[in-house]
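The values are calculated or read from the model by the stated rules, or taken from the named source; none is laboratory data. None of the values given here were measured: they were computed from a predicted structure. Quick reminder, even Gly has a Cβ in these numbers, built from the backbone with ideal geometry, and neighbours come from all protein chains shown. To get the accessible areas, we keep the full protein, side chains included, count just its heavy atoms, and leave off ligands, DNA and RNA. Shrake-Rupley method; radii C 1.70, N 1.55, O 1.52, S 1.80 Å.
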6 protein chains.
Amino acid sequence: MEKIAVFPGSFDPITVGHQSIINRAVNIFDKIIVAVGDNSEKENFFSIEQRLKWIELVFANEDRVSVSRYSGLTVDFCKKVNARFILRGLRTSADFEFERSIGQVNKQIYPEIETVFLLTTPEHTPINSSIVRDILKHGGDASMFVPPEVEF
Amino acid sequence: MEKIAVFPGSFDPITVGHQSIINRAVNIFDKIIVAVGDNSEKENFFSIEQRLKWIELVFANEDRVSVSRYSGLTVDFCKKVNARFILRGLRTSADFEFERSIGQVNKQIYPEIETVFLLTTPEHTPINSSIVRDILKHGGDASMFVPPEVEF
Amino acid sequence: MEKIAVFPGSFDPITVGHQSIINRAVNIFDKIIVAVGDNSEKENFFSIEQRLKWIELVFANEDRVSVSRYSGLTVDFCKKVNARFILRGLRTSADFEFERSIGQVNKQIYPEIETVFLLTTPEHTPINSSIVRDILKHGGDASMFVPPEVEF
Amino acid sequence: MEKIAVFPGSFDPITVGHQSIINRAVNIFDKIIVAVGDNSEKENFFSIEQRLKWIELVFANEDRVSVSRYSGLTVDFCKKVNARFILRGLRTSADFEFERSIGQVNKQIYPEIETVFLLTTPEHTPINSSIVRDILKHGGDASMFVPPEVEF
Amino acid sequence: MEKIAVFPGSFDPITVGHQSIINRAVNIFDKIIVAVGDNSEKENFFSIEQRLKWIELVFANEDRVSVSRYSGLTVDFCKKVNARFILRGLRTSADFEFERSIGQVNKQIYPEIETVFLLTTPEHTPINSSIVRDILKHGGDASMFVPPEVEF
Amino acid sequence: MEKIAVFPGSFDPITVGHQSIINRAVNIFDKIIVAVGDNSEKENFFSIEQRLKWIELVFANEDRVSVSRYSGLTVDFCKKVNARFILRGLRTSADFEFERSIGQVNKQIYPEIETVFLLTTPEHTPINSSIVRDILKHGGDASMFVPPEVEF
């Protein structure tokens, strides 16, 4: 059975941290679907189209990685695309506490879906999309925190 | 002197975690008042009337538990109802850091009021009202995380 | 039914933090048994006799507090003395993680025994017996961190 | 070279915790600039003018402390005022995780700027501006958590 | 290329938590080697022979799981057995902080080896080998925390 | 008044993390004394002479940094050498909880001594002396985690 993992998130925008997690995870799974949440009620900084396009550009040469938009529960999307795994990166213990709740609740809803975690590398640990947006809002240069394909 | 405890919260909605804490706390206190914050500026998912009604249904057969709505400071409500104790459940260390600040500040305002903590059971640790609301927003089934009296 | 709580620990030595927790807990329980672990394999700084004597002195005028030594599991001691509650103080989130494991395991062994937590006051948060011993080992003055009845 | 530190924040309002950090930091630096973020998109409780005025009153007799408003990135403000140091207080491990991300990202943007941390004193650990605002919103008395110069 | 994961530890003794992690991980990897550290300087509760035997019994019917003893660095053992993955379970944020350091250091030594984390289930979160040993030392019954094949 | 900071520790051995903290701290203080604890009861991996010698070699060309051995309380050593500051690096939130207790207790003993914290850089966050010793004990190569002057 093919091992498909969903890597869900807002990716608002994708960071070098996300990129590194995905690049390492292709050694574990047969296929990774980067699933961009299309959450109408949440206000995003970049449009869903822009966020999807950047991810496509970043993984243009990586056949095992595809990009999808989804709404609804992440576990429902997993079932729809036959993914038995959810992939997440862990940066800090605050991250961990949050991810543990989500992961354990997801498992209670669909016990056959497993969340698999990789560590961010030390140099990516302080970086997340929220800090990137904050730098942009204040007129700073955030290019060192995103893949070169992401141009603001 | 009667030992009255206030269990304050939004209960938006009440979860199996809340229920378990209250059911265990009736062995400690003579009376528990579940106090639902009526916070006009905070947007709630369920109306205050709905939230109160569910709690009443859940504890319909438990004389030692009553339900009240309140606004203003929790410690002021405690004084009004002659409660010397605030009851809180602890799930995670993130919870703990938050509760410690509130509890220590409350004690500084009214030294005679004591906050008493019980642990959630392991299986309830990942569950809170925010996750329940999130499941509902995304069209999922959250019934396993709330008491049977809560029907969405 | 009388509400008896066991406050277990090494108390090597008792600190102002322990004292404050006990003094506040007498408002919750009918009786508090300070239970000093007599753990032959663990090396203690002060003898079990010395540790017991200090606690007796500190609570000499408090009828609701008694002192006992015990070995074996804390929950077994609770059953023996008809205590349905274990009392613990919480200082930090590191404390919390540790206490949560112990508390949840204890509940799994004897579901009828409940662990009840109080917060240390802010000024006692940095203090524990281990820091007191460390000060003493290095020839410092630790008297401000222990009750006046504890004389080194 | 003069050692200038920027102490950035919303100060909505300044608390006794902020005051204590600044009063202790004047022994480390030659000059401290309390930098109040003028963030048009973030809704504040007190106006920027009010927040600035309170800080000026609190440090009216301390020549080494001045007050400024700024917008944009904190590190850009530091460069503008020739500050090589950012001063921050640490209360809890939740604080720490947040501050570490910001501090490490700031250092990556401008490696010559160093963030320096002081601990809050134990009695100030539970207090922050958000809790002060919460007390005020609920009609409580928050005067014990702010310097006497702050009158609501 | 075969996906081999090493699950390293002391397993002093193996718990239901370890068992659950391994049973779920066989869906991710082709082969899992439970690697029991033979650390002469660390004093263990059960002999290395006993610890190995229990694990063999627990996974006697699972072809994809084997058991080995090893000494030296875990990453050196991984290289020796052609494992590109280290498998670890995460229970608490204290666990996480510890595992992150080890995982990031391992990756710095051998960048081609990836540590993969699964969450313990909520009911196993409070359990670890150290608590099991503690129960045994105090004469308690720890059988509910270990697989049935482990008989004390 | 000269600003003297003591950087206390076991330095068993000094790591690239320690080195980085000291190199950045010379911009804050006039003089930094690396104070190596000579704790007869604690068993060290490297002799006090070896540990001192390595630190001297690492800072041979930095006039503002000197090395001392000391026993007794760190705050007593500070008073003896007229240091008003204790310098510490912060890596993780586990570190932070530990350092906060020590720092707040030190301040209670000698209010005039201030502990000042710097963040480790992201790439040094996973590294500490204990991990270096662990690598060495298991026959690994730890040279990338220590300054080049440290030769095992």
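Here is a check on your reading of the model: is D:K42 under 23 Å from F:L87 (Cβ atoms) and among the basic types (K, R)?
When the stated conditions are applied, D:K42 does not pass them.
Out of segment A:30-39, which residues are open to solvent by less than 20 Å² (accessible area, probe 1.4 Å), closer than 18 Å to A:G72 by Cα and not small (G, A, S)?
The answer is A:I33, A:V34, A:V36.
When segment C:128-143 is examined, which residues are found to be at the interface with chain F (Cβ under 7 Å from one of its Cβ atoms) and β-branched (V, I, T)?
Answer for segment C:128-143, where residues must be at the interface with chain F (Cβ under 7 Å from one of its Cβ atoms) and β-branched (V, I, T): C:I131, C:I135.
What do you reckon, is A:D63 of a type in the set (D, E), at the interface with chain D (Cβ under 10 Å from one of its Cβ atoms) and out of contact with any Cys (no Cβ under 6 Å at 6 or more places or on another chain)?
No; evaluated as a whole, the condition is false for this residue.
Before we move on, is F:T92 open to solvent by less than 50 Å² (accessible area, probe 1.4 Å) and at the interface with chain C (Cβ under 10 Å from one of its Cβ atoms)?
It is false that F:T92 is open to solvent by less than 50 Å² (accessible area, probe 1.4 Å) and at the interface with chain C (Cβ under 10 Å from one of its Cβ atoms).
For the list (1) within 14 Å of chain D (Cβ to nearest Cβ); (2) within 14 Å of B:S20 (Cβ to Cβ); (3) among the β-branched types (V, I, T), I need the number of the one condition that B:V146 fails.
Of everything listed in (1) within 14 Å of chain D (Cβ to nearest Cβ); (2) within 14 Å of B:S20 (Cβ to Cβ); (3) among the β-branched types (V, I, T), B:V146 misses just condition (1).
Looking at E:S130, E:S143, E:S93, E:S47, which one is small (G, A, S), touching a Phe, Trp or Tyr at 6+ places or on another chain (Cβ under 6 Å) and closer than 28 Å to C:T74 by Cα?
None of the other options fit; the residue is E:S93.
Pick from C:K79, C:K42: which is within 14 Å of chain E (Cβ to nearest Cβ), more than 18 Å from E:S130 (Cβ to Cβ) and either of a type in the set (K, R) or open to solvent by less than 70 Å² (accessible area, probe 1.4 Å) (or both)?
Only one candidate passes the filter, namely C:K79.
Take the conditions aliphatic (A, V, I, L, M) and in a strand (DSSP E or B) and apply them to B:I131. Does it pass?
no
Being over 15 Å from B:F59 (Cα atoms) and of a type in the set (D, E, K, R) is the filter; apply it to segment B:1-29 and report the residue that is least open to solvent (accessible area, probe 1.4 Å).
Step by step, filter segment B:1-29, then rank; the result is B:D12.
Whether any residue in segment B:119-127 is open to solvent by 10 Å² or more (accessible area, probe 1.4 Å), more than 7 Å from every other protein chain (Cβ to nearest Cβ) and in a helix (DSSP H, G or I) is what I want to check.
yes
Give the number of residues within segment C:76-98 that are closer than 25 Å to E:T92 by Cβ and not hydrophobic (A, V, I, L, M, F, W, C).
7
Name the residue that is farthest from B:F85 (Cα to Cα), counting only residues in segment C:95-118 that are more than 10 Å from chain E (Cβ to nearest Cβ) and among the hydrophobic types (A, V, I, L, M, F, W, C).
Ranking the candidates gives C:I113 first.
Since E:T74 meets every condition but one in (1) buried (at least 17 other Cβ atoms within 10 Å of the Cβ); (2) within 13 Å of the chain's Cα centre (by Cα); (3) more than 14 Å from chain F (Cβ to nearest Cβ), which condition does it not meet?
Against the list (1) buried (at least 17 other Cβ atoms within 10 Å of the Cβ); (2) within 13 Å of the chain's Cα centre (by Cα); (3) more than 14 Å from chain F (Cβ to nearest Cβ), E:T74 comes up short only on (3).
With the condition kept exactly as written, say whether any residue in segment C:36-53 is over 24 Å from B:S93 (Cα atoms), modelled with pLDDT of 95 or more and touching a helix residue (DSSP H, G or I) at 6+ places or on another chain (Cβ under 7 Å).
There is at least one residue in segment C:36-53 that is over 24 Å from B:S93 (Cα atoms), modelled with pLDDT of 95 or more and touching a helix residue (DSSP H, G or I) at 6+ places or on another chain (Cβ under 7 Å).
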